[in-house]
Each structure stands twice: as structure tokens, then as C-alpha cells.
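Peer 1: Structure incoming, see below.
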Amino acid sequence: LEKKSAYEDIYRPCGQDLVFSLLGALGLLAGCALGFRGSIAQMLVSLLGLLAGLSLGAGAVMRWKGKKPSAAFSVFVVLFYVAKLFRDFRHWEINPAILDYCFCLFALICFMIATYHAASFSFDHGGRRRLCFYSLCGVFFGATAMAGQALSELLIYGASACVCLAYAMQALGNGK
């Protein structure tokens, strides 16, 4: 891919971007609403996830309308993935079988980095290649991590993979 760093070079209003981003936002909202129980830490992570879902939905609508969303929309999303990663890792280290958490770990890392690189275009300092790489890795690892998950986790990983798919479509050229 040729280098492009400006927001206008990558993001264009696109119905597919809107559909996958809103599907991801709704899935994240549903998954975090279902996971809003248990410990205080779990409820705080779920609350961050609800804010992240709202931010993803608002950013998708703004992109569809041809407006440049603020990078602030991505703050809650990145914070959600960081908090989820730390919270889940504490549970994964109890049973360190690689098959149990390897794909979940890689998926959360890729979701977080893809969101970070998607937000960097708001400052016109984006990296198209990095966005494409981490988005496609997020789709792969997110889809793989869905196997055997509880419904709330299934929705979170599936929704995040949908958002990464929308990022990848924009980075790859949006059908041009």
C-alpha cells in the first residue's frame, strides 16, 4: 500500500463502513451490558465498554456524514481494550494453557492498536499500512477468539472484529 497519512486520503463516506461500524458498536454495547455484573472491576470495564460502544457509533455516523470525528471518540475505546486486557489477563494467568487465552490476548492487543492507528488519522499523522495490518490481524484473531466464549465475550470479540473490518476496508481503499 502506498503511504497515506491524512484523514481525507483514507476515510470516505461508505455504507459498508457505516454498517460494520454500527454493528460493532451495537455488539459492543450488548456484550458490555450483558457483562455488567460481578466484581467492581468487571463493572468498571463494562462501563468503559458502554462508553466505547457509544463513541464508535458516533464516530461511524460522523464518517458517514463526511465529517472528521475527533480523536477523543477513540479514547474510551482504547481505554476499554487496555482495561479489559489487564482485567482478563489476571484471570488467564490462573490457568496458563496457551490454547485458552493466546488468541484472546492477541485479539485485544490488535483491537487496541488498530483503534489507536485509526485515531491517528484525526491528526493527519496516520499510518495506512499499520492501520491495515493491525485491523486485519484484529479481524483474524477476533474471529478466532470467539470460539468457546460466553455470550458477552462472544459479542465483544465479534463486535470488535467488525469494527476492525470497517477500518481495514477504509485503509484498503474503500472499494476504489
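The values are calculated or read from the model by the stated rules, or taken from the named source; none is laboratory data. Model, not experiment: these values are computed from the prediction. Cβ placement follows ideal geometry from the backbone for every residue including glycine, while neighbour counts extend to all protein chains displayed. For the accessible areas, the whole protein counts, side chains as well, though only heavy atoms, and no ligand, DNA or RNA atoms are used. Shrake-Rupley method; radii C 1.70, N 1.55, O 1.52, S 1.80 Å.
Peer 1: Please state which one of SER21, SER5 is part of a helix (DSSP H, G or I), among the small types (Gly, Ala, Ser) and either in contact (Cβ under 8 Å) with a residue 60 or more places away in the chain or open to solvent by 80 Å² or more (accessible area, probe 1.4 Å) (or both).
Peer 2: SER21 is the lone residue from the list that is part of a helix (DSSP H, G or I), among the small types (Gly, Ala, Ser) and either in contact (Cβ under 8 Å) with a residue 60 or more places away in the chain or open to solvent by 80 Å² or more (accessible area, probe 1.4 Å) (or both).
Peer 1: Okay, moving on. Within segment 34-43, track down each residue that is in contact with a helix residue (DSSP H, G or I) (Cβ under 7 Å, 6 or more places away or on another chain), open to solvent by 60 Å² or more (accessible area, probe 1.4 Å) and among the aliphatic types (A, V, I, L, M).
Peer 2: LEU34
Peer 1: Follow-up. Among the listed residues LEU151, LEU131, which satisfies the condition of being open to solvent by 10 Å² or more (accessible area, probe 1.4 Å) and in contact with a helix residue (DSSP H, G or I) (Cβ under 8 Å, 6 or more places away or on another chain)?
Peer 2: Testing whether each residue is open to solvent by 10 Å² or more (accessible area, probe 1.4 Å) and in contact with a helix residue (DSSP H, G or I) (Cβ under 8 Å, 6 or more places away or on another chain) leaves just LEU151.
Every residue, every condition in (1) within 18 Å of the chain's Cα centre (by Cα); (2) among the basic types (Lys, Arg), yes or no:
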| residue | (1), (2) |
| --- | --- |
| GLU2 | no, no |
| ARG12 | no, yes |
| LEU50 | yes, no |
| LEU85 | yes, no |
| CYS104 | yes, no |
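Peer 1: Return the pairs, sorted by first residue and then second, in which the second residue is modelled with pLDDT under 90 and not polar (S, T, N, Q), the first residue lies in segment 61-75 and is on the phi > 0 side of the Ramachandran plot and open to solvent by less than 80 Å² (accessible area, probe 1.4 Å), the beta carbons are less than 6 Å apart, and the residues are 6+ apart or on different chains.
Peer 2: Listed by first residue and then by second, the contacts come to GLY66/PRO13.
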